[in-house]
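Remarks on the structure that follows.
Just so it is clear, none of the values below were taken in a lab; they were calculated from the coordinates. As the structure is a prediction and not an experimental result, all values here were calculated from the model. Please note: Cβ atoms are built from the backbone with ideal geometry, for glycine as well, and neighbour counts cover all protein chains shown.
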Amino acid sequence: MPGAVAPLKPVYLGIDIGGTKVAFRAETDAGPVDETAFAWGPRHSAAADLARLAGHVAELRTRLGSPLRAVGVAMPGTVSPDGRVTAWPNRPEWTGLALDVSLQELFPEAAVAWADDGDLGALAEARAADCGNLLYLGVGTGVGGGLVLRGEPCPGPSRGSFELGHVVVELDGPPCVCGRRGCLQAIASGPATLDRAADLREAAVTFDDLRQALGDGQLWAVSAVRRTARALAAAATGVQELLHPDRLVLGGGFAAGIPELAGWVSEHLTEFARPGQLPLPVGPAALGGLSSLRGAVSLARLIATR
């Protein structure tokens, strides 16, 4: 029809809320249409964070020019069944925030759902690998974990998240932000690894410093990352004994930048295997540091069909 305007295509939006940055990915039924990110900056309050988030969402809406059909959110903090944030050590100002209300106010026109970032990372990687039984470890600002069994996230909706980052792997290990000692996150997260590298080097260490030193084979860098790899392998071995996934995938921004990590984790998985037990095959995430973000988009698509 001459002069007719083509209907706007509904958009599925995924948001990965991290401790240091927030990433967006918008897709239509035809594929991706926008992918951006912003850094949080200094910590002040949950209200200030939400205002900053709202500003970027407004810019995104302007760029898209299409209605949001559904929004999926990957959330690293612990959210109670009534929709309140009960713990988020990296941004404690969010504790007590009514996440469900805040998100619905931000997206009044769309269906909205959230899930743990590790659970969504596992779901996205399982689909990418066509593997129904997959263990995912996301190593970044923290350590997120996710497990997919028979194609479904474990433990499953409304039963909580797969908090492998807060499993104790060293009884006398370093203190964790959650209040325990020796949690996987306290040993194997990106910041924990960099702090350990700085102690060994006796000088400040940036991520780029660490990568360069690993390439040069410097002992302090290798030792720092080796301990991270061993802790990750110990946690994965525990999951293997109980739930028997078929493979382990390492994701997250920190892991994506350390190509040596998967091989060293594999070595330690072999070290920990009992006689007659095959170690878990391990490899890097197919989606790199974007696993949780892609999982958030998958969640948006899922709730749009309900």
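Between ARG52 and ASP100, the modelled label-to-label distance comes to 2.7 nm, taking each label 7 Å out from Cα in the direction of the beta carbon.
Protection proxy ranking, highest mean first, for peptides 139-145, 225-231, 58-64: 139-145, 225-231, 58-64, where packing is the per-residue count of other beta-carbon atoms within 10 Å, averaged. Where does helix 260-272 land angle-wise versus the long Cα axis of the chain, in degrees 0 to 90, nearest 10? Approximately 60 degrees, to the nearest 10. When peptides 87-96, 256-265, 207-216 are ranked by their average number of other Cβ atoms within 10 Å per residue, the highest-first order is 256-265, 87-96, 207-216.
Listed by Cβ neighbour count within 10 Å, with the fewest neighbours leading, ILE15, ILE303, ILE187 appear as ILE303, ILE187, ILE15.
Under the convention that each Lys and Arg Cβ holds +1 and each Asp and Glu Cβ holds -1, the size of the dipole of the chain around its Cα centre is about 300 debye.
What the Cα atoms of the chain give is an Rg and a Dmax of 19.9, 74 Å.
Close amide H contacts of ASP116 (hydrogens built in the peptide plane, cut-off under 5 Å, sequence separation of 5 or more or a different chain): MET75.
Ordering GLY142, ALA197, GLY55 by Cα displacement along the dipole of the chain toward the positive end leaves GLY55 in first place; charges were set at the Cβ atoms of Lys, Arg (+1) and Asp, Glu (-1). With the simple model of a label 7 Å out from the Cα in the direction of the Cβ, THR62 to GLN212 spans 3.9 nm.
Residues TYR136, TYR12 in ascending order of nearby Cβ atoms (within 10 Å, fewest first): TYR12, TYR136. Our estimate of slack between ARG301 and THR36, defined as 0.36 nm per intervening residue step minus the Cα-Cα distance, is 93.5 nm.
Computed over neighbours whose Cβ is under 13 Å from that of VAL239, the net charge equals -2, Lys and Arg +1, Asp and Glu -1. For the stretch 33-137, what class follows from the C-alpha gyration tensor (a ≥ b ≥ c being the square roots of its eigenvalues): rounded when a/c is under 1.5, otherwise prolate if a/b is larger than b/c, else oblate? Oblate, since a/c reaches 1.5 and b/c is not below a/b. The C-alpha atoms of the chain define a longest principal axis, and helix 117-129 lies at about 90 degrees to it. Each residue, LEU219 and ALA286, gets one label point 7 Å from its Cα in the Cβ direction; the gap between the two is 4.2 nm.
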